[in-house]
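Bear in mind these aren't lab numbers, they're just calculated from the coordinates by the rules spelled out. Remember, predicted model here, so these are calculated numbers, not experimental data. FYI the Cβ positions are ideal-geometry reconstructions off the backbone, even for glycines, and counts take in every protein chain you see.
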Amino acid sequence: MITAYTLFSGSSGNCTYVTSGKTEILIDAGKSCLAIERALNALGTSLSSISDIFVTHEHSDHTCGLEVISKKYNIPVHFAYPSYDKAVHSGTYLKRSAVRHEVIFEKRVGNVLIKSFEVPHDSMQNLGYIIDDGEDIFGTATDMGHITESLANELKICRCALIEANHDKKMLISGPYPQFLKERILSPKGHLSNENCARLACFLADNGVKCVTLGHLSKENNLPKLAYDAVDSLLKANGLTVDLSVASPDEAVLLTRG
Ligand SMILES: [Zn+2]
Ligand SMILES: [Zn+2]
């Protein structure tokens, strides 16, 4: 059985903890080493128990803790090569622990198999991950400019999934962001709106996914209630049910419920 938590989720930092049996990994480390260590301690574990870190992409809200973590711990940090080539040269310690992979790769860590898949975003590369321990499957995809058929098909085999609900379109358009940033977020390589997230959630629920958590909410352009209601109402309108929850920017949220 897989247990996964978002430790942090949103534009101010992302880190997801995944465990099965004795295997413990992180996806992204976009908060300080100290903040991640504290969040893990609160769950009864620590960075010294983490065997591997898998990075989705090189943006700082997913990577800013990696240099200090690499200085203090000897944890392999896995990147797809376009993100590696962009991010790793600058880090003295990260250089030691970083592992360069093909875009699509598989890695066995203890009793779980981790597989990457492509997610469209304005980074050198962005990945989603599927984690399979032989009896349970968890998947994650955020920083998603649009939904591709292939990413939807990767996620539909999961029991539980973390997907992005970045912004409420009306809040974004009428909000304080400069025009170029609004256009970037709304572009097919930006971030997923609540409305499009709801479509993905319906597709996943319709294919048997039991549990969906909405993550990477924008602090300025979204509210947890707006994200939840947008998804919940489209699920209801289609007669679909799923265990639905919203991730928090700075509190651990269980992703593998039920
Ligand atoms: Zn990003
Ligand atoms: Zn991000």
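Using the charge dipole of the chain (Lys, Arg: +1 at Cβ; Asp, Glu: -1 at Cβ; taken about the Cα centre), state which of N111, L234, A252 has its Cα farthest towards the positive end.
A252
With 20 Å as the limit, write out which pairs from K31/K225; K169/K189; K22/K107 have Cα-Cα distances beyond it, or answer none.
Values: K31/K225 25 Å; K169/K189 15 Å; K22/K107 16 Å.
K31/K225, as the Cα separations exceed 20 Å there.
What Kirkwood hydrodynamic radius, in Å, does the range 3-254 give when the mean of 1/r is taken over all pairs of distinct Cα atoms and then inverted? Before the final figure, lay out each step's value.
Values: mean 1/r = 0.0557 Å⁻¹.
About 18.0 Å for the range 3-254.
Taking the Cβ of A152 as the centre, find all other residues whose Cβ is under 14 Å away and add up their charges (Lys, Arg: +1; Asp, Glu: -1).
Details: positive: K156, R199; negative: E118, E149, E154, E164, D206.
Residues near A152 contribute -3 overall.
Among T63, T23, rank each residue by its count of other Cβ atoms within 10 Å, from fewest to most, as a rough exposure measure. Show your work: numbers first, answer last.
Values: T63 25, T23 20.
Ordered from fewest to most neighbouring Cβ atoms within 10 Å, T63, T23 come out as T23, T63.
Once you've got the GNM for the chain with C-alpha springs shorter than 10 Å, pick whichever of N196, N238, N166 has the biggest mean-square fluctuation.
Looking only at N196, N238, N166, the biggest GNM fluctuation is shown by N238.
Mind sorting F105, F180, F54 by how few other Cβ atoms lie within 10 Å of their own Cβ, fewest first? Mind dumping the intermediate values first?
Working: F105 17, F180 8, F54 27.
So the ranking, lowest neighbour count to highest, is F180, F105, F54.
Does anyone have the angle between helix 194-206 and the longest principal axis of the chain? Alpha-carbon axes, 0 to 90°, nearest 10?
Helix 194-206 sits at roughly 80 degrees to that axis.
Which residue, G91, G13, G145, has the most motion in a Gaussian network model of the chain that connects Cα atoms within less than 10 Å?
Residue with maximal mean-square fluctuation among G91, G13, G145: G91.
Compute the helix-to-body angle for 33-42: its Cα long axis versus the longest principal axis of the chain, expressed 0 to 90° and rounded to tens.
70 degrees
Which distance in Å, rounded to a whole number, links the C-alpha centroids of the range 141-214 and the range 75-93?
Rounded to whole Å, the Cα centres lie 26 Å apart.
Give the lysines reachable from K95 as a straight Cα distance under 16 Å; neighbours fewer than 8 places away on the same chain don't count.
K71, K72, K86
For D206 and S49 in one chain, what is 0.36 nm times their gap in residues minus the Cα-Cα distance, to one decimal in nm?
Details: separation 157, 0.36 × 157 = 56.52 nm, distance 3.65 nm.
Full-extension gain reported as 52.9 nm.
With +1 assigned to the C-beta of every Lys and Arg and -1 to the C-beta of every Asp and Glu, and no other charges, what is the dipole magnitude of the range 14-121 about the Cα centre in debye, to the nearest 20?
Values: 12 positive and 11 negative charges, 69 e Å.
In total the dipole reaches around 340 debye.
So what is the relative contact order of the range 51-120, in percent, for Cα pairs below 8 Å that sit 6 or more residues apart?
28 percent
Please determine, in degrees from 0 to 90 and to the nearest 10, the orientation of helix 224-237 with respect to the longest principal axis defined by the Cα atoms of the chain, where the helix direction is its Cα long axis.
Once rounded, one gets 60 degrees.
Using the 10 angstrom Cβ neighbour count as an exposure proxy, how do S123, S20 rank, fewest first? Don't jump to the answer; show the numbers that get you there.
Values: S123 20, S20 23.
By the 10 Å Cβ count, ascending: S123, S20.
What does the C-alpha gyration tensor say about the overall shape of the range 98-240? Classify as rounded when a/c is under 1.5, otherwise prolate if a/b is larger than b/c, or oblate.
Details: a/c = 2.38, a/b = 1.31, b/c = 1.81.
Note, shape of the range 98-240 comes out oblate.
Identify, among H62, S32, G21, the residue whose Cα sits farthest towards the positive end of the charge dipole of the range 1-77, taking +1 on the Cβ of Lys and Arg and -1 on the Cβ of Asp and Glu, with the dipole about the Cα centre.
It is G21.
For the range 57-130, give me the percentage of DSSP beta bridges that are antiparallel, rounded to the nearest 5 percent.
On the way: 8 of 12 bridges.
Percent antiparallel among DSSP bridges in the range 57-130 is about 65.
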